[in-house]
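The values are calculated or read from the model by the stated rules, or taken from the named source; none is laboratory data. Please read these numbers as outputs of a predicted model, since none were measured by experiment. Virtual Cβ from ideal backbone geometry, glycine too; neighbours counted across all protein chains shown.
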Amino acid sequence: MKLLVFGGALASTTYACTTLVVGKAASADGSVLLTHSDDGENNGDARLCEIPAASHLPGKRRPIYFAFEDYPRYVGRNRGPCYMPTGDQKPYVPIGHIPQVSQTYAYYEATYGLVNEHGVGIGESTCSGVFGTKARGYGGNALLSIDSLSRIALERTKSARDAVKLMGQLSEKYGFYGAGSFEGSAESLIVGDADEAFFFHILPDPSGTSSIWAAQRVPDDHVGVVANMFVIRDIDFNDSENFLFSSSVKSVALHKRWWTPADGKLDFTRIYSDGEYASKFYSGRRMWGAYHRFGVEFPSNYSNLRYEHVYPASAKPGKPNITIHDLFSIHRYHYEGTQFDMTKGLAAGPFGNPTRFTTTSQKVKGNWERSIGIFRTTSTHVAQLRRTGQNSILWFGPHATPGTVFVLFPANQIRVPEPYMLADPNHLSRQSAYWAHRYVFNVAKIRYDSAHQDVQKLQLEMEKAGEALVAKLDAHSSELTSTSRAKAYAAHAEKVMKAVWALPDMIIAKYADGFLSDGDALGYPDWWLKAVGYEHGPPPPPEGPSVKYVGISEISEDNCDDNGIAKCIGQCLKSGFAACAVHCTQKCKDRNGQIFV
C-alpha cells in the first residue's frame, strides 16, 4: 500500500512526540498515568493555558479553527486569558462550525487538550497513515484535526470512554485531517481517566470527508508506549469492552482488498500505518527504550516494524509500582547504560552531551539515534488521574525534559500562573517559565557531564517538594478552601521559577572557562584526547645547549653596575640563553637567584 502524497514529501526534519501510559493496577498509588512530550521544532507554542467552563445558549455554534501549532497557535477572545490579541495581532478566523452544547467543562491545554476538571487526560503522538487529506479552506474538505478533537473531548466528556466515542463520531461526521504533512497524516492519542485508558488511532478515510479510527483499552496491570507509529494490532470486533472502532475500519479494508473476514482479526497497524516515517528505529528505539525502563525486555532489532509484531500494544511491567518520577525519568532518557547510550562516543563530545542538533548538511547523509529525551521538546506533561485527595493532577514541564522541572496543577481547579502562559519562543523573557528552563538547558551544555548533575539535583528537589505538597494538601483537603489550595500551588510554582532562573548563574560561576570555581582545571578525558589526535599536536620545544648555573655570590659587586650588567649579558649570550637582558637585570637588582654563564 502506498501513502497518498499530500502537501509535500517527507522531510528529514520532523516533529515527533512520545506518549506513555500506566494502568491503575501497575502504578504505585492506583492512579492511571499518561504522558506526552510535544517534540516540535524551534517555533513551538509552549504556553500552558486554562480554558474556563462556560454555559451556552441554545442554537449556538462552536467555531473550529485551523490547527496552527507554531506560536501563536490561536489568537482570539473566546478561549480564556492566554489568547487575547496583543499588539497588531488579529483574531483567527474559523474554518467551520459544529453545534455547541449547553455546558462545557474547564480544562488545561497546550498544543492539544491535556486534562479537564473531571480528570479526563490526553496525550498525543503523530503517526504515518496510508491516507491523507487537507483541511477545509486549505485545499480539502475535512474540518477536524486532532488538536480540535482533543479539546472538544475535554470540553464535553467526563470519562475516557465517552471521549473516545465522541471524537470518533465527530471525525466521521465532519472529516479528519492530519495537521502535519511532514510527520504523517494520522494521529494517536492516549485517553484516560481514573478508571481506564485507551489507545486511540485515527486517519482520514479515502474520500477525505470522514475518518477511520479504532481504540483499544489498556489492561489495568499494563504499561504502553506510542512513538509516532500505530500500536493497535488485531482488533476483536466482538469485544466491545476492549475495542471501539468506526465501521470504516472494516469497509475500507474490504473495498481495497487488504483484508477479508476469512483472514480473522484485522491488524490495524499492518493495514493502515505507513510505518516508521523518518528513519528505521525512529519509533522502535523509543518503544524499546521505554519498555526497557519499565523492566520489559523486547528485541532492539527488526526488519520492518509495520509488518512484524515486535512490540505489543501494551505489556505487564517487570518493575512494579510505577511512579510519576519513573515517567519523568523515561522522558529524560538517552539510553544511558545501554548499547545505544547517547552520552558516549565522539558524537557526545568530551563531556558526554547526548544532544544531537538538527543536521542540515547536503553532502553528509545519515541519521542520529532518536532518543526519548530530546532538545527540541516544546513541553511535556504527565497526567496523574485519580479519585483520591484532591483528585487528578497535571504535572507540566516547559521545554526539553532533560532540563525541565515538572510543576503540578490541580485538575479540579483549573488555574495557570502567568509565567506558564508566557512562552514566545522568539523573544527571551525573564518572566517566562519556558525561557527559564530553555536557558538552563542550553547553559548546562558548557560542561554537560558536571553541570547536568546540578540540574538533576534541582529537578529531584523541586519535584519531591511538589509531591510532598500534594500529600500535604490531600491530608487536609476537607479543611482547605479553594483559595488556600490555589495559593499553595502558586507559591510552589513561583519557588520553582526562581530556583530555575538562579541555576544558570550558578553553573557559569562554577564551570566558566573550563575551571571549577575553586580554580582546578576540569580538562578533558584521556579517551577523547586520543580520539581527536591530541598526542599528535605541536611537539615540546627543542632542547638548547647544556648550561651550568652560577650563584649570585660568584658575581662581584662591580658586576652589578651598568658595566657589570653588560658583562653578565655578554656571558649569558655566549651560553645560548635568549632572554639575557631581562635575566641579568633582575638578578643584579635583587641579588638573589641564579644567572646563566
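Which residue, of PHE230, PHE200, is in the same structural domain as VAL120 (by TED's automatic domain parsing), touching a residue at least 12 places away in the same chain (Cβ under 8 Å) and touching a Cys at 6+ places or on another chain (Cβ under 6 Å)?
PHE230
Looking at GLY123, GLY132, GLY80, just one residue is among the small types (Gly, Ala, Ser), farther than 28 Å from TYR272 by Cα and assigned by TED's automatic domain parsing to the domain that holds GLY208, and that residue is GLY80.
Looking across the stretch 447-486 at every residue that is of a type in the set (Lys, Arg) and buried (at least 18 other Cβ atoms within 10 Å of the Cβ), the one that is modelled with the lowest pLDDT is identified as ARG485. Report whether or not ARG438 is assigned to a loop (DSSP other than H, G, I, E, B), in contact (Cβ under 8 Å) with a residue 24 or more places away in the chain and charged (D, E, K, R). In short, no. Taken across the stretch 104-114, residues that are in contact (Cβ under 8 Å) with a residue 24 or more places away in the chain and farther than 27 Å from VAL22 by Cα do occur, with at least one present.
Scanning the stretch 495-526 for residues that are of a type in the set (D, E, K, R) and out of contact with any helix residue (DSSP H, G or I) (no Cβ under 8 Å at 6 or more places or on another chain) gives LYS498, ASP505, ASP513, ASP518, ASP520, ASP526. Note on the stretch 173-189: residues that are at pLDDT 95 or above and crowded, with 20+ Cβ neighbours inside 10 Å total 8. Out of all the residues in the stretch 87-101, is one or more closer than 25 Å to THR18 by Cα and part of a loop (DSSP other than H, G, I, E, B)? Among the residues of the stretch 87-101, not one is closer than 25 Å to THR18 by Cα and part of a loop (DSSP other than H, G, I, E, B), which makes the answer no. Could you please let me know if GLY140 is buried (at least 23 other Cβ atoms within 10 Å of the Cβ) and in contact with a Ser or Thr (Cβ under 8 Å, 6 or more places away or on another chain)? No. Run down VAL496, VAL500 and say which single residue is within 22 Å of THR323 (Cβ to Cβ), β-branched (Val, Ile, Thr), assigned to a helix (DSSP H, G or I) and modelled with pLDDT of 95 or more. None of the others qualify; the one that does is VAL496.
Pairing residues of the stretch 369-389 that are closer than 20 Å to ALA423 by Cα with residues that are acidic (Asp, Glu) and outside any loop (DSSP other than H, G, I, E, B), at Cβ distances under 6 Å and at least 6 apart in sequence or on separate chains, gives THR378/ASP38; SER379/ASP38.
Just to confirm my filter: which strands (runs of 3 or more DSSP E) fall fully inside the stretch 1-84 and include at least 3 residues that are among the β-branched types (Val, Ile, Thr), within 22 Å of the chain's Cα centre (by Cα) and modelled with pLDDT of 95 or more? The strands (runs of 3 or more DSSP E) meeting that bar are 19-22.
If you check TYR302, TYR335, which single one turns out to be modelled with pLDDT of 95 or more, surrounded by fewer than 22 Cβ atoms within 10 Å (Cβ to Cβ) and not hydrophobic (A, V, I, L, M, F, W, C)?
Testing whether each residue is modelled with pLDDT of 95 or more, surrounded by fewer than 22 Cβ atoms within 10 Å (Cβ to Cβ) and not hydrophobic (A, V, I, L, M, F, W, C) leaves just TYR302.
Only one of the listed residues (ALA491, ALA521, ALA444) is surrounded by fewer than 13 Cβ atoms within 10 Å (Cβ to Cβ), modelled with pLDDT of 95 or more and of a type in the set (A, V, I, L, M). That residue is ALA491.
The set of residues in the stretch 315-342 being in contact with a Phe, Trp or Tyr (Cβ under 8 Å, 6 or more places away or on another chain) and assigned to a loop (DSSP other than H, G, I, E, B) consists of PRO317, GLY318, LYS319, ASP341, MET342. Evaluating ILE330 against the criteria (1) within 30 Å of ILE235 (Cα to Cα); (2) more than 20 Å from the chain's Cα centre (by Cα) leaves one unmet condition, (2). From the residues in the stretch 373-405 that are at pLDDT 95 or above and touching a Gly at 6+ places or on another chain (Cβ under 6 Å), which one is nearest to ILE122 (Cα to Cα)? The selected residue is ALA383.
Scanning the stretch 215-233 for residues that are in contact with an Asp or Glu (Cβ under 9 Å, 6 or more places away or on another chain) and surrounded by fewer than 21 Cβ atoms within 10 Å (Cβ to Cβ) yields a total of 2.
Number of residues in the stretch 111-127 that are more than 19 Å from ASN391 (Cβ to Cβ) and in a strand (DSSP E or B) equals 4.
What about ASP88, is it of a type in the set (Asp, Glu), surrounded by fewer than 17 Cβ atoms within 10 Å (Cβ to Cβ) and farther than 18 Å from ALA135 by Cβ? So ASP88 passes the test. For TRP527, the conditions (1) part of a helix (DSSP H, G or I); (2) in the same structural domain as HIS334 (by TED's automatic domain parsing); (3) of a type in the set (A, V, I, L, M, F, W, C) all hold with the exception of (2).
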